[in-house]
Amino acid sequence: MNPPNIPETIRRRLCGELVEKRLRLQARLREKQMAQGFGIFALERFFSVNACIGGIIYLCGLKRNGFQNFLALRIVEHEVLLPGLPSCFDGFRLMQLADLHCDLDPSIIDRVLELMPGIPHDAVVLTGDYHNKVSKPFERSLEEMLRIIPRLHPVRFAILGNHDFLEKVPVLEDAGLPFLLNEPSPIRRGEDRIWICGIDDPHFFKTHDLNAAREGIPDGETSILLSHSPETYREAASLGYNLLLSGHTHGGQICLPGGIPIYRNAPGCRTEHLAGSWREGSMIGYTSRGTGSAGVAARFNCPPEITIHTLRSSR
C-alpha cells in the first residue's frame, strides 16, 4: 500500500514528527498488526468482539430495542460558568457533536440532520471519531460527513479521534469543516473573543500537544479545549484551560441500569470523567455520551446526545 499523500500545509500544522508517528500507526491498524482496544477489545486483532456483542444482543431478543435506543437522540443542556468570560459571550450556545461513527448506520446521520435546525446555537464543535471500524475503508463515512457539513452552523470546528485518519482532513476542510491540529482559533464578538483549542487524538495515536494548542493565547482570555478523550484532564487543567469538551467513552454505550458502564476505554480517568459534567481544579470538563455509537448500532441505559453548552459569565 502506498503511503498517503499528506499536504505540506497539514504536515506543518501538526508537526512533522507527529505526522510520521500517526502515519506509522495508521498503517499498522490498516494491516491489522495491532488493535486499539485493551482488555477484551485487545482481541480485535484476531476476531470481531463487536460482532460477538451484536450476536449476544440478537440472541437475547434485544436487537430491536437496542437499535431504537441507538436512534433516541436527546438534547442535553449544560450550563457552564466561566469566570473571565467576556460579557458579550454570556449565553453563547456551543453545540457539541461527538463520536458520529457515520458509517455504522447512516440513519443516525438522518436523525442528527432532522434535529439540528430546531436547536438554537451560536457555533458547533465536532470532537472526533467520524468513522467506525479503522481496518475498513473510510469512503462511506467520508460521504456521510460531506452530507453533514453544509448543514452545520457557519462557525464550526473539528478535531480527529482515534478512529480517524489524517488523510481525511484536506477533503473535509475543502468542504468547509476546519480542523484544529494542536491549534487555537478565536471566535470574535466585536473587540472581544474566546478561543477554541483543538488537539489531535490523545487516546491511541497520542499525537496531541496541549501547549501548541494554546500557543499565543494571552493570559486571562477564555480557552475551550476540544480533546477527543478526557484522558488529558490533568495536563489541561495545569495549563489553564477553562473548559474541556470530550467524547470517546460513549458513556459506556451498553450500560447496567443506572448508567453504570460495563466497559471503560479511557485509562487513567475516574468514573466521573466517563459521562457528563465534571471538574478538575478550576477547569470544568464535559464528556459526551456520544451522538453516534460504535461497533454495534445499539445502546442500553445510556442514551446518545447532542449537547448544548451554554456559556455564562455569571449566574
With the charge dipole of the stretch 81-239 built from beta-carbon charges (+1 for Lys and Arg, -1 for Asp and Glu) about the Cα centre, the Cα from TYR130, PRO186, GLY118 projecting farthest to the positive end belongs to GLY118
Using only the Cα atoms of the stretch 136-233, what do you get for the radius of gyration and for Dmax, in Å? 14.3, 46
Stretch ARG147-ARG189 to full length: gain in nm at 0.36 nm per residue minus the Cα-Cα span? 12.2 nm
Roughly what would the spin-label model give for ARG279 and SER107, points 7 Å off Cα along C-beta, in nm? 4.2
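Could you compute the FRET efficiency for LEU239 and GLU77, with r as their C-beta to C-beta distance and R0 at 25 Å, rounded to 0.05?
0.35
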Hey, got the dipole for the chain? About the Cα centre, +1 on K and R Cβ, -1 on D and E Cβ, debye to the nearest 20? 740
The exposure ranking of LEU82, LEU225, LEU166, fewest beta-carbon neighbours within 10 Å first, is LEU82, LEU166, LEU225
Please state the relative contact order of the chain as a whole percent: Cα pairs under 8 Å, 6+ residues apart? 25
Step by step: find N for the stretch 8-312, compute 2.2 N^0.38 Å, then divide the Cα radius of gyration by it. What's the final number? 0.95
The exposure ranking of PHE92, PHE67, PHE205, fewest beta-carbon neighbours within 10 Å first, is PHE67, PHE92, PHE205
Looking only at GluC sites (Glu not before Pro) in DSSP loops with at most 13 other Cβ atoms within 10 Å, what is the longest site-free stretch of the chain? 32-190
Do the alpha carbons of any pairs in LYS32/LYS63; LYS32/LYS133; LYS133/LYS168 sit beyond 19 Å of each other, and which pairs? LYS32/LYS63
Sites SER135 and GLU215 - FRET efficiency at Förster radius 30 Å, r taken between beta-carbons, to 0.05: 0.30
The distance between the Cα centres of the stretch 272-306 and the stretch 107-172, in whole Å, is 17
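Read the figures in this text as sums done on the coordinates, not as results from a lab. In this text the structure is predicted, and so the values were computed from the model without any measurement. With ideal geometry, Cβ positions are generated from the backbone for all residues, glycine too; neighbour counts draw on all protein chains shown.
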